[in-house]
Amino acid sequence: MKRLWYLAAATLAGLALVPAAALAQTVGSQPTAIGVAVAPRAELGQEVQVQARLVTASGAAIPKAVIFFTTPVTFLNASGDMVVAQATTDAQGIGTAVFQVRQSGQVAVKAEFRGDATYAPAKASTQLQVVGSAQLYDQKAGVHLPGLNAPVAQDQVGWPHWALSGWPIAAALMIVWSLFGTAVYFLTRIPAGAGGGEQDRGEALR
Amino acid sequence: MDAVRERAEAHEAAGVTPAWRERLEGRVLAPLSRTSRVYYAWIGFLLVVLAWAVATYVHQLQRGLIVTGMRDRISWGMYILTFVFVIGISHAGTLLSAILRVFKARWQLSITRMAEFITVVALMVGGLFPLIDLGRPDRVLNLIFYGRWQSPLLWDVFAVTTYLTGSTLYLYLPLVPDFALCRDRLGKEAPRWKRWFFSVAAAGWRGTPRQRKALERAMNVMMIVIIPVAVSVHTVISWIFAMTLRAPFNSTVFGAYFVAGAIFSGVAAIILLMAVLRRLLHLEEYISGTQFKSLGLVLAGMALVMVYFNLSEYVTTGYKMEAGVPFHFHDLMVSYLAPLFWFYVLGGLLAPVLIMAFPKTRNVRGVVVAAALVLVAMWIERYLIVVSGFRVPLMEYQARPYAPSLTEWSVFGGAFALFALIISVFAKVFPMVSVWEVVEHRGPEPAPEAVPERRVIPVPLPAPVPETGAAEVSES
């Protein structure tokens, strides 16, 4: 039965961008169908566009309806759908939104119309293959040093490159270790000094 | 020969007689050539404790960190706090030794070696704890391969390894003349491997002016450079906390506070080691009440510095009461962690000051008691920093308790057994008092000034004076 609704919705929507569709009906409300489309593949961290089209059972577009786009998330022992974007449908019943993909692998992107007094709710989902392993954690706190923990901005390009990298830390370390080296150098002079000058009362210490 | 004559005259002026020197050398070198059965029993005991700790650690490796008391909400526990505590202990050794050397404080010359040993051994043991804390220690090299400059964890790796290298060098330099002394004095009393070791480690030292100059230069470089390195290391360790987004860690004084805490606990550790080695190696003549009282005063002074830092911390954060701070204060002062917190305040900060304030308790025993209290209190303080920091909920969930598991306690005990084992073995290979420095720069302890005996001077009874007036005349 559900598959029939899917087929009916896809047919009614008549959209190439609708790879999957769902149709829902609530007693007393007008049945609706929704389809959702997204690029099949994206890089982790990339912003992707997602579109959904909401229509009535007869195929008429439903404008000014709010569509929620969600992806599934799991945190500790809890799991559920997280709203990643939302859009309001236009005159053609199409809602468009952009969101950043922050999890890799096969991600189910869902479009959801929650219904109102006139129209019944509807849901649809599609799959998005996310590849890559980019570091997405964006530190908001702390001092951001260009080149050290923040990207070099265009207006800072004139700065010497070494000043904007990890080299200042390396330089401090090199100074300390070269001083250690100086002490070792003096230490190596001890055997050479054994023959020179007088000896303290014939014994090492005395 | 002028330099030699001048030195000899200076020695005589300082009271360094051949007999005194002979006694000093004999006393310090004795443990290097003779070993009692009690020593072997002690080593055996330490090895048993260590073996148990290794077994529990293997269990942890097999089962994962689930065998510890750490969970997702309190993910730093016994291992990290002990790391901070032990690294803290390490700091006082070299730092104190270098500062006192720079200021030419003579009273400390007989204890510098022990202080420097504590640094090196504590760094060797403390450095293990971050590895033990890793669920997958096989990935530790990822820190190098994929390390990021902006991570305080990487700074910590650099700082600790730099400090360990510098401290080892700083320990070795003043040992050179003493290795030469061992080479020349011990002869066949020592086993063959020790004789070979002393010969190599002495680096051909004959005590010539050129050699002395080279050694002096090397030591001067190291004693200057090691002070900022020591300060920076514990500052960096404090940043691991201060740069973590947790309400109790939001402090600008963490660096200085950690350095002060490191010196505080380190001085306490030196005092305890001094007391033990003084008793076991019969060094009472060279490590006297002077050293204990001086270090006791340093301890009391550092306790006041810690009081200042704590006040500064709690007054400023308590005045603002940002999110998380009320929970933290409640937890610390009247609730879950209150017994530990008040022991730290009363036993660790107040008691040492009181002990040193009263002449009756300002003695070797009093200083040792104060040091023991401080050491326990400072471990608790590290516990409070780590656990209380992680107990503040980041979201609407209930704060979780933390209790170290048997595995954690076993590893903790094993670490201290390893610490004692290394010190015990080192005490059999290295002279525990810097003989040449004591001879050349300090000399014998001045005899305490004779205190005049308290005598009650009898007051002569006044002679009866004949009454001149007739104030009262009684007749019977």
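The values are calculated or read from the model by the stated rules, or taken from the named source; none is laboratory data. From a predicted model like this one, the values you see are computed outputs, not experimental measurements. Note that we place each Cβ from the backbone using ideal geometry, even for glycine, and neighbour counts take in every protein chain shown. Remember, those area values only see protein heavy atoms, side chains included, never the ligands or the DNA or RNA. Shrake-Rupley method; radii C 1.70, N 1.55, O 1.52, S 1.80 Å.
Using Cα pairs closer than 8 Å and at least 6 residues apart in sequence, work out the relative contact order for the stretch B:288-384, in percent. Before the final figure, lay out the partial values.
On the way: 78 pairs, mean separation 36.7, N = 97.
In percent, rounded to a whole number, it is 38.
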(message) Which GluC sites (Glu not before Pro) in the stretch B:323-415 sit in a loop by DSSP (not H, G, I, E or B) and have at most 16 other Cβ atoms within 10 Å of their own Cβ?
(response) B:396
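Stokes-Einstein D for chain B at 4 °C, 1.567 mPa s, Kirkwood Rh over Cα pairs, in µm²/s?
On the way: Rh = 25.1 Å.
D = 52 µm²/s.
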(message) Using a Cα-Cα cut-off of under 23 Å, which lysines could be cross-linked to residue B:428, ignoring same-chain neighbours fewer than 8 residues away?
(response) B:188, B:194
(request) Please report the buried accessible area for the interface of B with A, total over both chains, probe 1.4 Å, in Å² to the nearest 100. (result) 3600
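Test of the criteria: in the stretch B:251-340, which GluC sites (Glu not before Pro) are in a DSSP loop and have at most 14 other Cβ atoms within 10 angstrom of their Cβ?
Values: sites: B:284, B:285, B:313, B:322; in loops: B:284, B:285, B:322.
Those that pass, being in a loop and sparsely packed, are B:284, B:285, B:322.
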(message) Just to be sure I follow the definition: excluding the sites themselves, where is the longest run in chain B that has none of the chymotrypsin sites (Phe, Trp or Tyr not before Pro) in a DSSP loop with at most 11 other Cβ atoms within 10 Å?
(response) B:147-396
(message) Taking 8 Å as the Cα distance limit and 6 or more residues as the minimum spacing, I'd like the relative contact order of the stretch B:200-263 as a percentage.
(response) 26
(request) Taking the Cβ of residue A:34 as the centre, find all other residues whose Cβ is under 9 Å away and add up their charges (Lys, Arg: +1; Asp, Glu: -1). (result) +1
(message) Just to check I understand the Karplus step: with θ = phi - 60° and J = 6.51 cos²θ - 1.76 cosθ + 1.60, what whole-Hz values come out for the stretch A:46-62, glycine and proline as x?
(response) 6, 8, 10, 8, 10, 10, 9, 10, 10, 9, 7, 4, 8, x, 6, 5, 10
(request) Determine the share of chain B's accessible area contributed by carbon and sulfur atoms, expressed in whole percent, with a 1.4 angstrom probe. (result) 66
(message) Could you derive backbone 3J(HN,Hα) for the stretch B:391-397 from the dihedral phi with the Karplus parameters 6.51, -1.76 and 1.60 (θ = phi - 60°), listing whole Hz in sequence and x where the residue is Gly or Pro?
(response) 6, 5, x, 8, 9, 7, 9
(message) Can you list residues from other chains, or at least 5 along the same chain, whose modelled amide H is less than 5 Å from the amide H of residue A:82?
(response) A:71, A:73
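Per residue of chain B, what 222 nm ellipticity follows from adding -39500 (n - 2.57) for every DSSP H run with n ≥ 4, rounded to the nearest 500? Please list the in-between numbers first.
Working: 18 runs with 314 residues, N = 476.
Computed ellipticity for chain B at 222 nm equals -22000 deg cm²/dmol.
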